[in-house]
Amino acid sequence: MNIPDVFSDIDPISQSDGPEPACAITYTPEFVEAHDYLRAVLKADERSERAFALTTICLKFNPANYTCWHFRRRCLVSLCTPTDSDARATVDVERIDTDLEFADKLGGTNPKNYQLWYHRRALLEIRFKGDERIQVAQKELGYVDKILGDDNKNYHAWSHRQWIIRTINQPQLWSAEIEYSHSKILLDPRNNSAWNQRWFATHEGEIAANSGMKLGKLSFEKAEEEANYAVCGAQVDPFNESPWRYLIGVLMEQCRWVQREEGADDKDKVNGLLRDCVAKIKDMNDSPTEDYPAGPCVSLMSALVDLLETVGDKTSLEEAKNMMGELVVEDPVRRKYWHKRQSTVLVLLGKVSE
Amino acid sequence: MTSETAAPVGPFYDALHANYIVTLGDKLDSPTSYEGAVTEHLRVSGVYWSLAALALLRTEGEVDDLMGLTKPIQAATDGTDENKIRSAIVDWVFQCYDARVGGFGGNCSGENPHDAHLLYTLSALQVLAISNSLDDERLDKDAIANYVSSLQNEDGSFSGDEWGEIDTRFTYIAFSCLALLGKLPLPDWNNSNSTQVVSEEKPIIDTYKAVKYIMSCRNFDGGFGCVPGAESHAGQVFTCVGALSIAQSLHLLEDADLLSWWLAERQCDSGGLNGRPEKQADVCYSWWILSALSILGRVDWINTGKLGQFILNCQDDEDGGIADRPMDMPDVYHTFFGLCGLSLIGQLEKIGNKEGQNYRQIDPVFALPTDVVSRLGLKAQVIRNGGVDVEKRLQLHSILDI
Ligand SMILES: [Zn+2]
């Protein structure tokens with residue numbers, strides 16, 4: 001597009017560079033020309049096809065220009081929505097989908113620029129209406145999957161998935177997301193973002209399913225499943241921090257809850273699960289698999305001492321104390337920390353012995 | 001056996017770093033330079049990082065002379081203009097102020113400020129704080145406070161600008177801005193669980209709701225994310241813990257041990273810290289993690305000696321500056337956060353500058369030199385862990401025993 005020709009009726013507004021040399025910024029002539037005309041159409045709030053095309057040019061120069069993205073959406077909404085009285089029914093969805101593709105292309109395979117994600121979100125809010133919204137959501141989840149295929153820890157991408165699933169809030173999407181996180185964990189068990197997504201999908205999914213009873217925690221049955229899932233993940237690679245954190249998270253959530261709710265039926269069940277996990281982890285510690293280097297595994301040991309302390313009887317506390325002694329040696333980077341933990345466990349031991 | 005807190009081995013390039021920061025100011029002025037191009041839209045933040053970094057190495061007067069903080073200075077030139085004078089940084093900062101909205105842009109073009117953003121508003125106020133100019137008559141404190149207030153959402157969260165990105169970072173920034181302006185209403189946890197009402201007027205922001213929002217971003221691993229449900233990230237941990245500290249609300253952090261352990265596990269074998277599990281160590285996390293651990297009273301949970309060594313290994317021994325990791329190109333952002341890291345583990349003092357004087361110290365809550373924080377009378381909150389003495393630098397804050 002030859003900008004001056006297309007906008008021959010418009011006076012470009014140039015950036016007024018004052019006398020201050022500290023602020024002088026040089027751009028290419030093409031950049032300057034496009035932005036001079038953009039300032040003019042912005043000022044006139046001209047929501048036309050040519051203004052829309054101009055935003056395309058400017059965004060290709062600078063995809064982080066949020067003023068330009070915002071104006072592009074203004075243009076798009078005006079152009080998609082007929083001005084007659086029953087505008088509501090006839091949003092040009094194809095055009096919105098085309099713009100999603102534009103944002104996709106501009107972002108490339110690893111979009112980290114927030115504006116691109118925000119643009120998608122604003123467009124999808126228009127598209128998440130009516131019966132086809134689940135389909136639209138699934139298509140968008142497919143797009144995010146493509147991005148995560150390139151960078152499986154892209155923070156914006158995972159947040160975008162969460163936003164889609166929360167916004168649609170359908171049981172099928174919640175359960176599919178648990179499966180999705182599982183597939184990403186299988187591909188890379190050390191992908192902490194995928195473990196976080198599993199927590200999100202199991203927890204918020206359960207809250208969404210029982211909208212009447214927001215306990216803010218998993219049911220005991222679900223917690224048992226998730227604890228076993230984490231133990232399996234830890235068995236695959238005990239040096240992986242993620243399943244251990246997940247396991248502690250699941251178990252502590254249950255423990256805290258039964259502590260708060262006096263006489264809760266689940267108390268014995270939770271204690272049983274806790275002891276069961278401790279037994280399994282001890283087994284792992286005593287007979288490591290051949291796939292991994294022999295010798296101590298700090299992630300495993302630190303999870304084990306946490307759980308032993310939570311069990312809290314004399315034998316468990318003794319075991320925790322001994323293991324902390326080993327950690328002082330085996331985890332030299334955090335030696336001081338383990339010394340501290342030793343002194344706290346001694347206090348606990350003193351209390352149970354009284 | 002080496003001690004965890006031993007001073008690191010190897011030189012600290014005080015003069016090179018100071019020179020790197022001072023000459024960077026001129027490179028930033030030159031849009032054709034790499035540094036000028038990448039930082040153009042966030043110049044105000046770049047200026048803050050430079051000034052704050054230099055402030056840790058030099059006295060207030062020296063910083064002013066070297067950088068032209070409150071008075072114009074002769075700019076180093078590329079040979080085209082011998083007598084190029086650079087206007088005072090404080091004057092330039094005021095040119096970045098957008099009076100229509102009450103916030104600062106990241107830069108200005110001539111007389112015109114770029115679009116205002118919360119990020120740049122804090123950087124601008126931090127620059128003014130360092131240069132002792134918060135009482136400058138050009139600073140419209142009420143307008144800025146109203147701008148910050150306008151960015152609070154119904155759920156208590158803050159957006160960074162009028163286009164709406166939400167992030168726990170912005171809550172920290174909002175609190176910090178209002179604290180610097182002396183306008184942050186504190187929640188009254190003893191009473192009605194609501195933001196303290198000082199007068200009949202409605203408080204400028206709902207701090208209580210904002211704090212509740214922060215807590216809704218807490219995760220199962222003890223850390224915090226950008227928004228509820230988002231993965232824990234060390235940068236977000238700092239902003240959330242920092243926000244709770246400024247709002248005197250650290251008592252809400254049940255299980256500070258779980259969070260601190262998550263932070264301690266960020267230390268890699270190299271001694272450096274990473275931001276999330278399985279990510280590479282990076283100097284800037286020395287700041288995000290150490291500042292949080294300082295506020296939580298648990299810096300000694302990591303091996304500070306090894307961390308100091310890692311930071312020193314990231315110095316550029318020819319041109320000065322600190323990079324994100326050894327052998328990389330230095331930049332001002334990592335230079336500032338690397339110096340902060342050395343300061344927070346007490347090693348900058350041990351190294352001592354060439355005159356044998358102590359370096360100025362960084363405050364882990366406000367990311368400003370402690371002398372500036374105390375001059376402004378800012379009071380956040382820190383945790384005393386298990387009766388261990390609170391570091392001297394933190395004693396200007398109120399102390400929470402848990
Ligand atoms: Zn970094």
Exercise. Which one of these does A:S299 not meet: (1) over 17 Å from A:G233 (Cα atoms); (2) outside any loop (DSSP other than H, G, I, E, B)?
Worked result: (1)
Exercise. How about segment A:156-181: which of its residues are touching a Lys or Arg at 6+ places or on another chain (Cβ under 7 Å) and away from every other protein chain (no Cβ under 13 Å)?
Worked result: A:I168, A:I178
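To keep it simple, each residue is scored yes or no on (1) without any contact (Cβ under 8 Å) to a residue 24 or more places away in the chain; (2) touching a strand residue (DSSP E or B) at 6+ places or on another chain (Cβ under 7 Å); (3) of a type in the set (G, A, S).
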| site | (1), (2), (3) |
| --- | --- |
| B:G320 | no, no, yes |
| B:G341 | no, no, yes |
| B:I351 | no, no, no |
| B:R360 | no, yes, no |
| B:P364 | no, no, no |
| B:P369 | no, yes, no |
| B:R375 | no, no, no |
| B:R393 | no, no, no |
| B:I402 | no, yes, no |
Exercise. Restricting attention to segment B:222-255, and to residues there that are more than 14 Å from chain A (Cβ to nearest Cβ) and open to solvent by 10 Å² or more (accessible area, probe 1.4 Å), which single residue is nearest to B:F175 (Cα to Cα)?
Worked result: B:Q248
Exercise. Of the residues B:Q395, B:Q381, which is in the same structural domain as B:Y285 (by TED's automatic domain parsing) and modelled with pLDDT of 95 or more?
Worked result: B:Q381
Problem set entry | Meets criteria (within 14 Å of chain A (Cβ to nearest Cβ), open to solvent by less than 10 Å² (accessible area, probe 1.4 Å) and away from the ligand (no atom under 12 Å from the Cβ)) for B:S260 | yes
Exercise. For segment B:269-281, how many residues meet the condition of being near the ligand (Cβ under 10 Å from one of its atoms) and either open to solvent by 20 Å² or more (accessible area, probe 1.4 Å) or at the interface with another protein chain (Cβ under 8 Å from one of its Cβ atoms) (or both)?
Worked result: 1
For this session: For segment B:162-186, enumerate the residues that are open to solvent by less than 20 Å² (accessible area, probe 1.4 Å) and in contact with a strand residue (DSSP E or B) (Cβ under 7 Å, 6 or more places away or on another chain).
Result: B:T168, B:F170, B:T171, B:A174, B:P185
For this session: Among the residues of segment B:90-140, write down those that are open to solvent by less than 20 Å² (accessible area, probe 1.4 Å) and touching a Gly at 6+ places or on another chain (Cβ under 7 Å).
Result: B:C96, B:D98, B:G110, B:A116, B:H117, B:L118, B:T121
Problem set entry | Within segment B:347-402, considering residues that are among the acidic types (D, E) and closer than 21 Å to B:V241 by Cα, the one surrounded by the most Cβ atoms within 10 Å (Cβ to Cβ) | B:D363
Exercise. In segment B:311-336, what count of residues is obtained for those that are touching a Ser or Thr at 6+ places or on another chain (Cβ under 7 Å) and under 30 Å from B:I246 (Cα atoms)?
Worked result: 3
Exercise. Here are some residues: A:L247, A:L251, A:L218. Which one is in a loop (DSSP other than H, G, I, E, B), open to solvent by less than 10 Å² (accessible area, probe 1.4 Å) and in contact (Cβ under 8 Å) with a residue 12 or more places away in the chain?
Worked result: A:L218
Exercise. What is the number of the single condition among (1) crowded, with 20+ Cβ neighbours inside 10 Å; (2) at pLDDT 95 or above; (3) at the interface with chain B (Cβ under 10 Å from one of its Cβ atoms) that A:E241 does not meet?
Worked result: (2)
Exercise. Taking segment B:282-308 only, how many residues are of a type in the set (S, T, N, Q), away from the ligand (no atom under 16 Å from the Cβ) and either modelled with pLDDT of 95 or more or not in a helix (DSSP H, G or I) (or both)?
Worked result: 2
Seminar exercise, completed: Exception for B:L342 within (1) surrounded by 24 or more Cβ atoms within 10 Å (Cβ to Cβ); (2) within 14 Å of chain A (Cβ to nearest Cβ) falls at (2)
Seminar exercise, completed: Given the conditions (1) hydrophobic (A, V, I, L, M, F, W, C); (2) part of a loop (DSSP other than H, G, I, E, B); (3) within 14 Å of the ligand (Cβ to nearest atom), every one holds for B:M327 apart from (3)
For this session: Among residues belonging to segment A:159-207 that are acidic (D, E) and under 18 Å from A:D145 (Cβ atoms), point out the one that is surrounded by the fewest Cβ atoms within 10 Å (Cβ to Cβ).
Result: A:E179
For this session: For B:Y333, state whether it is at negative phi, buried (at least 24 other Cβ atoms within 10 Å of the Cβ), of a type outside the set (D, E, K, R) and within 10 Å of the ligand (Cβ to nearest atom).
Result: no
Exercise. If you scan segment A:68-83, which residues turn out to be among the β-branched types (V, I, T) and in contact with a helix residue (DSSP H, G or I) (Cβ under 7 Å, 6 or more places away or on another chain)?
Worked result: A:T81
Problem set entry | Members of segment B:309-324 found to be within 15 Å of the ligand (Cβ to nearest atom) and within 14 Å of chain A (Cβ to nearest Cβ), listed by number | B:F310
For this session: Go through segment A:117-212 and tell me which helices (runs of 4 or more DSSP H), entirely inside it, have 3 or more residues that are free of Cβ contacts under 8 Å to residues at least 12 places away in the same chain.
Result: A:133-150, A:171-187
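The values are calculated or read from the model by the stated rules, or taken from the named source; none is laboratory data. Computed from a predicted model, the values in this text were never measured in an experiment. Note that we place each Cβ from the backbone using ideal geometry, even for glycine, and neighbour counts take in every protein chain shown. For the accessible areas, the whole protein counts, side chains as well, though only heavy atoms, and no ligand, DNA or RNA atoms are used. Shrake-Rupley method; radii C 1.70, N 1.55, O 1.52, S 1.80 Å.
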